[in-house]
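These notes concern the structure reproduced below.
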Amino acid sequence: MKKLVIFIVALICCTQFCRSQNDPGMPQLVKQEGITQLYVDQKPFLILSGELNNSSSSSMEYMKPIWKQVVALNLNTLVTPLSWELIEPQEGTFDFTLVDSLITDARQNNLHLVFLWLASWKNGMSSYMPLWVKKNYKKYPRIKIKNGETREVLSTLAEANWQADSKAFAALMKHIRDFDGSNHTVLMMQVENEVGVLNDSRDRSDAANAAFNAPVPKELINYLVKNKDNLLPDGIKKYWEANGFKTTGNWEEVFGKSMYTDELFMAWNYAGYVNKVAAAGKKEYPIPMYANCWLDPVDNPKPGDFPSGCPEARLMDVWKSRQTAIDMLSPDLYASEFDYRCQLYTRLGNPLFIPEMNSNDEGAHNVFVAIGKYNAIGVSPFGIDHLKDAGKTDFTTSYSILGQLTPQILANEPKKEMVGFVLNEKNPVVTCEMNGYRLEISLDELFGHKSTLGYGVVMADGKDKFIGGGVGFRVKFFPLEKDSKAIIGIGSVDEGKFKDGTWIPGRRMNGDEDAQGEAWRIGFSQPVIQKCTVYKYE
Ligand code: DGJ
């Protein structure tokens, strides 16, 4: 009898495991025409999210009002912390109550989740490791920095550290698979949070010093040799080239003696560790996983002022060289050079997901750039639970427009028939080619009144047809052929909205509203969606 019960339990587990491993609807990244999209239930999905403050999701009571709050902001996903200390309070004893409650409440509110695995590191520190790890510092070694100072930061160099983290993460992923494997509420996992050494450029523990003075691992050298022509010019290649492309020697012999070599060394070790943890989780439930980054300053970055070894755009080659389970390197994009940073993080075929960004109105405008110009699979302002009044943030309207236009956005991404932008006095015009025309998109103006801010997305919507959403801009159309005498007229402009995917037209926009037929105006007053048809005449 006992044997029969064991057999049946094993059979159920095996069936569930196989089902989730072979489940075509499981969240996954799909690449077509060079563009990567997130697929859920076999359909592309655009993540319109927000990240909770660090401690909010540790209490379901605290979360109670937040669910409705974020639904009012038009989010479809919530980026939600989970901590190692609460999931494995005693070694080997797991508590998934919180995980199940978060998933259940998300489902009730029609939301998806991206979970953050706050475990070995969060903002470079190790405050989320359980107390039994904190206390057992002999088994779970910490880093040392200059002057021999020990920091409360797990060392990447200790196998016991990544083994313990991996075990817990694997248990979590197995549990998510069992609880959510057929619902797909949970879309992706962030593994750790903003890893790297602070206050020095590298770990100087004995184990770290030994690895630093040992030959650069063959795997890295092989990667560099194999990808020599395609390495990023601002990354490891710069130091490797300056030292004569050596293929043997220790880290300083191959890359020179500088804080940037220390940073390369840390990137190699953090990337190895994080990929090991992610791989242990993916063995149980292989949904997309990413590592996020605390961004360095553009000028004169000094590793250690920001976490040294974090997946900075400069370090993407090193991180990719260890890529076994991490699918994306994701910038926490608070920096002012929003467009530039998006561009840096879409190099090497890296799909863009922005797990953290400003939750102010500037952030609410920048989401159009991330999605419309850089095909981001998702965006997520940080501290979303602070946005208590949906009427007082531009995120509500930005997400409403992006939510309504999601089918068009996802269909146009692989066709590259889309542009997203923010226009202001410094950047008043963008031009692009799309759908057989050249488009000039500029700050709107009427009778001498000029808008100072415009933002939105414009896409193809069939032959001679366009659709767009946003505020404060106008579009003029020109023929693609330089010597063409054709003039492109505005055939019609309709305001409207999508309800459950069906277009409900509103006003026919003519007269002042389309500059007497001279431009497609998505005017100053409030963010809207419009369709425009054009025609040619001579
Ligand atoms: C970046 C971290 O990843 C977040 O958890 C949080 O600490 C924010 N910084 C605060 O701005």
Leaving out ligands, DNA and RNA, and with a 1.4 Å probe, what % of the accessible surface on segment 420-538 is carbon or sulfur? 47 percent
How much length, in nm to one decimal, is gained on full extension between D305 and E425, taken as 0.36 nm per residue of separation minus their Cα-Cα distance? 39.9 nm
For the chain, what does the helix formula give at 222 nm: sum of -39500 (n - 2.57) over DSSP H segments with n ≥ 4, over the residue count, nearest 500 deg cm²/dmol? -10000 deg cm²/dmol
At 1.4 Å probe size, with no ligands or nucleic acids counted, give the accessible surface of T261 in Å², nearest ten. 0 Å²
For segment 294-440, the spread of Cα positions along each principal axis, largest first, Å: 43, 41, 33
Output for segment 102-202: chymotrypsin sites (Phe, Trp or Tyr not before Pro) sitting in coil per DSSP, at most 14 other Cβ within 10 Å, listed by number, reads Y137
Going by the alpha-carbon gyration tensor, a ≥ b ≥ c the square roots of its eigenvalues, is segment 354-469 rounded (a/c under 1.5) or, if a/c is not under 1.5, prolate (a/b greater than b/c) versus oblate? oblate
With a 1.4 Å probe and all protein chains in place, put F368, F478, F447 in order of accessible area, largest first. F447, F478, F368
Which one, A211, V475, L295, projects farthest toward the positive side of the charge dipole computed for the chain from Cβ point charges (K/R +1, D/E -1)? A211
Could you tell me the accessible area of S55 in Å² (1.4 Å probe, neighbours in place), rounded to the nearest ten? 80 Å²
Grab segment 449-538 and count how many Lys pairs have their alpha-carbon atoms under 15 Å apart, sequence gap of 8 or more, or different chains. 10
Holding the Cα-Cα limit at 24 Å, pick out from K31/K237; K228/K302; K122/K167 the pairs that are longer than that. K31/K237; K228/K302
Would you please classify the overall shape of segment 104-204 from the alpha carbon gyration tensor, given that a ≥ b ≥ c denote the square roots of the eigenvalues, rounded means a/c under 1.5, and beyond that prolate means a/b larger than b/c while oblate covers the rest? prolate
Just subtract the alpha-carbon distance of K64 and K146 from 0.36 nm times their residue separation and send over the number in nm, one decimal. 25.0 nm
Step by step: find N for the chain, compute 2.2 N^0.38 Å, then divide the Cα radius of gyration by it. What's the final number? 1.05
How big is the dipole moment of segment 391-538 about its Cα centre under a simple scheme where the beta carbon of each Lys and Arg is +1, that of each Asp and Glu is -1, and everything else is neutral? Debye, nearest 20, please. 180 debye
Kindly state, to the nearest 0.05, the FRET efficiency for R347 paired with S182, given R0 = 51 Å and r defined as their beta-carbon distance. 0.90
By accessible area of protein heavy atoms, probe 1.4 Å, what ranking do K531, K426, K388, K497 get, highest first? K426, K388, K497, K531
Largest to smallest principal axis extent of the C-alpha atoms in segment 371-420, angstrom: 38, 18, 14
Compactness ratio of segment 35-189: Cα Rg over 2.2 N^0.38 Å, N = residue count? 1.15
Hits for the chain under the membrane-span-like helix rule (DSSP H, Cα axial span at least 27 Å, Kyte-Doolittle mean at least 1.0) are 2-21
With θ set to phi - 60° and the Karplus curve 6.51 cos²θ - 1.76 cosθ + 1.60, what are the ³J(HN,Hα) couplings of segment 228-239 in order, to the nearest whole Hz, using x for Gly and Pro? 3, 6, 10, 5, 5, x, 9, x, 4, 4, 4, 7
Roughly how many Å² of D305 are accessible to a 1.4 Å probe, to the nearest 10? 110 Å²
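The values are calculated or read from the model by the stated rules, or taken from the named source; none is laboratory data. None of the values given here were measured: they were computed from a predicted structure. Cβ sites come from the backbone with ideal geometry, for glycine too, and all protein chains shown count toward neighbours. Accessible surface areas use protein heavy atoms only, side chains included; no ligands, DNA or RNA. Shrake-Rupley method; radii C 1.70, N 1.55, O 1.52, S 1.80 Å.
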